[in-house]
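Q: Following this message is one structure expressed as C-alpha cells.
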Amino acid sequence: MLLTVQDHGRWGYQRFGVPVSGPMDGASHRLANLLVGNRPSAATLEVTLVGPELEFDDDTLFAVTGAEFDLQTGGAATAMNSTVRARRGHRLVFGERRHGARAYVAVAGGFDVPLVLGSRATHLGSRIGGFEGRGLKSGDRLPIGQEIAANVREGETRSATVAMPIGGSRVRLLLGPDNGLFDPTTFHTSQRARYVLTTQSDRMGYRLRGERLVPRRQTELISTATPVGSVQVPPSGYPLVLMADRQTSGGYPRIGTVISADLPVAGQLAPGDWIEFESCSDRLAYAALIAQERTLMA
Amino acid sequence: MSWTLTRVGDSALVVAFEQRIDPTINARVVRVARAVQELHHDGVQDVVDSFCAVTVYFKPLHTDVESLARSLEEIAAGETVVREDGVESTPQRMVPVCYGGPHGPDLREVARFGGCSEADVVEHHVSRPYRVYMLGFLPGFAYMGSVHPRIAIPRRSTPRLRVPAGAVGIAGSQTGIYPVTAPGGWHLIGQTPLHTFTLDRADPFLLRSGDIVRFKPIGEEAFRRFVTEE
C-alpha cells in the first residue's frame with residue numbers, strides 16, 4: 001500500500017534536478033479538488049492499490065475519485081465522485097478495489113503539509129515534500145487547511161473524467177524525438193503493440209514486457225530533459241514509460257511521448273495490466289485534451 | 001552554430017544544438033535557457049537546460065504555442081551572432097574532498113584502470129577545472145566535465161544500493177557529487193563534507209550549470225572538522 005500527499009506537482013525546479021512528482025492521474029486529482037471547492041493546486045492523498053482507514057478529527061467535507069473502491073464512512077456506504085460530509089470521529093474505510101490503480105482523497109481546505117520548493121507533492125526518492133517526504137503510515141496525522149470555499153454542496157456528484165482501465169488500456173503517443181531510429185511502422189495505428197506492466201512499475205515509471213524494440217543502429221544519446229509520458233527504449237529493448245517521479249533527464253532513445261489527455265488513464269495502470277500504444281497527430285492530441293478539459297469544467 | 005526547434009509530446013518545445021559535450025555549446029545552452037526564463041512567457045512551467053539542449057515545458061491549453069515557438073527561434077537565432085568562444089570568465093568554486101580510504105572505496109580500481117597510483121588519480125582529479133554542464137539524476141546533482149582520460153573509468157557494472165551523500169564519483173568523462181544518499185553506479189573516489197543540496201540553506205543548490213569547479217584534497221581531520229562545524 002502506498003499513500004502519498006500530492007498536489008499538482010513541483011514545477012520550476014527541474015533545471016536543478018528536482019522531479020515534478022504530483023498525481024499519477026491528474027484528472028482525477030483535479031476532480032476531487034473541484035468537488036470540495038479547492039483550488040487545483042490543493043494537496044490530496046493518492047491511494048495506491050490498497051486503501052487505508054482514515055479517521056476525521058472534525059466535521060469535514062471530502063471526496064474520493066479515481067480508482068473505483070467500495071467505500072464506507074461512519075459505517076454507511078459512500079459514493080465515489082461525490083461531495084461527502086464526515087462527522088468528527090467518523091472513519092472512511094476503503095474496501096475492495098474494482099477498477100483502476102489510484103484513488104484521490106480531497107478534503108475541503110486541502111491537506112496542509114509544508115510547502116517545499118513551492119509544492120506539497122511528495123518525491124519519495126529524495127525524501128522531499130508531502131508528509132515528511134515519505135509515504136504515510138498508521139498513526140500519522142494530516143493537518144487540513146482552513147481556507148474552505150463557501151459554495152460547496154454536500155451530495156454533489158460528478159461523472160468520472162477518465163474511464164478506469166479494465167485490465168489495461170490503449171494509450172496514444174506523439175512519435176519522437178528518436179522514433180527515426182526505429183522501424184517506421186512501430187506503434188502505427190495499424191500495428192498496435194500490446195505490452196504488459198511488470199512488477200517493476202511504480203511512480204517513477206513502468207517497465208514493460210512484450211515485443212522488444214531494436215533501433216536500426218546503436219547510438220549514444222546525450223542526456224536531455226525527459227517529459228512525463230516519455231516512452232524510452234533502454235538497451236534491453238523493453239520500453240519504459242516515464243511517470244510522475246521520473247528523473248528530470250536521461251539519455252535512452254525515446255520513441256514517443258504519451259499525450260497529456262492519456263496520462264490520467266496511464267496513471268491508473270497497475271503491474272499486470274496491459275498497455276497498447278497507438279500513434280496520433282498533434283491535432284488529435286489537442287482535441288483530446290480540450291474534450292477532457294470540457295468535462296472537468298462542465 | 002546550428003540549432004533545431006522541435007516539439008516533444010504536446011507540452012514541450014526543445015531548442016537543440018549540436019549533439020556534443022562541449023563547453024562552447026553548453027555556454028550557449030546556458031545563455032539561451034536564461035533568456036527563455038526571462039521571457040516569463042504565459043503558460044511556461046519549467047525551462048530545463050541539458051548538455052546541448054533547452055527544453056521548455058508549457059501548459060498546452062494555457063499557452064500561445066506559436067508565439068512561444070517564435071520567441072524561442074528569435075533567442076536561438078540571436079545566439080548565432082555571438083562570438084564563438086563562449087567560455088565565460090566565471091569564478092571557480094572550490095570543493096574540498098577527502099580522497100580514498102573509506103571515503104573513496106573505488107580509488108584503487110580507478111588507479112588500476114588508469115595504470116597509475118592512487119595519488120596520481122587524485123592529482124589528475126584536482127589539477128583541472130570542471131564545467132558544470134547540467135543538473136539532473138538527483139536534486140542538485142551536477143554533471144561536471146571533463147575528466148582526464150586516464151581516469152575516465154566507465155560506470156560500475158553493478159551499481160551500489162547505497163552511495164552516501166557527499167560521495168565524489170567518476171563515470172566516463174564526467175565527475176559528480178551525490179547530493180543525498182541514493183543508489184548509484186559511479187566509481188567513488190572520495191567524499192566532500194559540503195552539501196550540494198540541502199533545504200536548510202536559503203539557496204538549496206550549491207552548483208548551477210555554467211559554474212566552474214575545482215576539487216581540493218583535504219585530510220580526514222579537516223573533513224571531520226567541516227562536518228562538526230555544521
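Rule-based calculations on the coordinates, nothing more; no lab input. Keep in mind it's a predicted model, so treat the numbers as computed, not measured. Virtual Cβ from ideal backbone geometry, glycine too; neighbours counted across all protein chains shown.
Q: Around A:His99, which amide H atoms from residues at least 5 apart in sequence, or from another chain, sit under 5 Å from its own amide H, with H modelled in the peptide plane?
A: A:Glu68
Q: Also, quick follow-up: Order these by the 10 Å Cβ neighbour count, fewest first: A:Cys280, B:Cys98.
A: The order, fewest Cβ neighbours first, is A:Cys280, B:Cys98.
Q: If you don't mind, there's one more thing I want to ask. Taking amide H positions as placed in the peptide plane 1.01 Å from N, state which residues far from B:Glu18 in sequence (5 or more) or on other chains have amide H under 5 Å from it.
A: B:Ser2
Q: Could you derive backbone 3J(HN,Hα) for the range A:83-89 from the dihedral phi with the Karplus parameters 6.51, -1.76 and 1.60 (θ = phi - 60°), listing whole Hz in sequence and x where the residue is Gly or Pro?
A: Rounded to whole hertz, the list is 8, 10, 9, 10, 8, 3, x.
Q: Where does helix A:282-297 land angle-wise versus the long Cα axis of chain A, in degrees 0 to 90, nearest 10?
A: Helix A:282-297 and the main axis of chain A meet at about 0 degrees.
Q: On to the next question. What are the ³J(HN,Hα) values, in whole Hz, obtained from phi via the Karplus relation 6.51 cos²θ - 1.76 cosθ + 1.60 with θ = phi - 60°, for each residue of the range B:100-115 in sequence order, with x given for Gly and Pro?
A: Result, rounded to whole Hz: x, x, x, 7, x, x, 9, 4, 4, 5, 5, 4, 5, 4, x, x.
Q: In terms of modelled amide H atoms, which long-range or inter-chain residues lie less than 5 Å from the amide H of A:Ser169?
A: Amide H to amide H, under 5 Å and 5 or more residues apart or across chains, A:Ser169 pairs with A:Trp274, A:Ile275, A:Glu276.
Q: Here is a further query. Please compute the net charge surrounding A:Pro271, taking Lys and Arg as +1 and Asp and Glu as -1 over other residues with Cβ under 15 Å from its Cβ.
A: Once all neighbours under 15 Å are counted, the net charge is +3.
Q: Next question. Just to confirm the number: angle between the C-alpha axis of helix B:65-79 and the first principal axis of chain B, 0 to 90 degrees, nearest 10?
A: It is inclined by approximately 60 degrees.
Q: When the scattering of the range A:102-190 is computed by the Debye formula from its Cα atoms alone, each counted once and equally, what is log10 I(q)/I(0) at q = 0.19, 0.24 Å⁻¹?
A: -1.03, -1.20
Q: Counting only other residues whose beta carbon sits under 12 Å from that of A:Ile144, what net charge do I get with K and R as +1, D and E as -1?
A: Once positives and negatives cancel, what remains is -4.
Q: From the residues A:Phe187, A:Leu263, A:Leu173, which one has its Cα farthest along the dipole of the range A:168-297 in the positive direction, the dipole being from +1 and -1 charges on Cβ of Lys/Arg and Asp/Glu about the Cα centre?
A: Of A:Phe187, A:Leu263, A:Leu173, it is A:Phe187.
Q: Separate question: Using just the C-alpha positions of the range A:168-297 as equal point scatterers, what log10 of I(q)/I(0) does the Debye formula give at each q in 0.14, 0.17 1/Å?
A: Result of the Debye calculation: -0.58, -0.86.
Q: Run lengths n ≥ 4 of DSSP H only: what is the helix-derived mean residue ellipticity at 222 nm for chain B, with -39500 (n - 2.57) per run over all residues, to the nearest 500?
A: -8000 deg cm²/dmol
Q: Sorting A:Val50, A:Val113, A:Val228 on the 10 Å Cβ count, fewest up front, what's the list?
A: A:Val50, A:Val113, A:Val228
Q: Mind jotting down the three principal axis lengths of the range B:3-79 based on Cα atoms? Whole angstrom, largest first.
A: On the principal axes, the range B:3-79 reaches 36, 22, 17 Å in Cα extent.
Q: Using the scaling law 2.2 N^0.38 Å as the reference, what is the normalised Cα Rg of chain A?
A: Against the compact-globule rule of thumb, the ratio is 1.01.
Q: Can you give me the C-alpha center-to-center distance between the range A:93-115 and the range A:252-298, rounded to a whole angstrom?
A: So the two Cα centres are separated by 22 Å.
Q: When the Karplus curve 6.51 cos²θ - 1.76 cosθ + 1.60 is applied with θ = phi - 60°, which whole-Hz ³J(HN,Hα) does each residue of the range A:115-120 get, with x for Gly and Pro?
A: Result, rounded to whole Hz: 6, 10, 6, x, 9, 9.
Q: How high is the relative contact order of chain B? Use alpha-carbon pairs under 8 Å, at least six apart in sequence, and give a whole percent.
A: Taking the mean separation of contacting Cα pairs over the length of chain B, I get 19 percent.
Q: Further, regarding this structure: Report, to two decimal places, the Cα Rg of the range B:118-219 normalised by 2.2 N^0.38 Å (N = number of residues).
A: So the Cα radius of gyration is 1.01 times the expected 2.2 N^0.38 Å.
Q: A further question follows. Rounded to two decimal places and with Rh computed the Kirkwood way over Cα pairs, what is Rg over Rh for the range A:1-117?
A: 0.98
Q: Can you give the calculated 222 nm mean residue ellipticity of chain A, where each DSSP H run of n ≥ 4 adds -39,500 (n - 2.57) and the sum is split over every residue, rounded to the nearest 500 deg cm²/dmol?
A: About -3000 deg cm²/dmol.
Q: Here's another thing I want to ask about it. What's the Kirkwood radius of chain B in Å, using all Cα pairs?
A: Answer for chain B: a Kirkwood hydrodynamic radius of 19.0 Å.
Q: Also, I was wondering about something else. Kirkwood Rh over alpha-carbon pairs of the protein assembly as shown, then Stokes-Einstein at 10 °C and 1.306 mPa s: what D in µm² s⁻¹, rounded to an integer?
A: Translational D for this selection: 65 µm²/s.
Q: Another question about this same structure. Tell me, A:His188, B:His148 in order of fewest to most beta-carbon neighbours within 10 Å?
A: Ranking A:His188, B:His148 by Cβ neighbours within 10 Å, fewest first, gives A:His188, B:His148.
Q: Still on this structure: Once both axes come from the Cα atoms, what is the angle between helix B:220-229 and the longest principal axis of chain B, in degrees from 0 to 90, rounded to 10?
A: Helix B:220-229 and the main axis of chain B meet at about 50 degrees.
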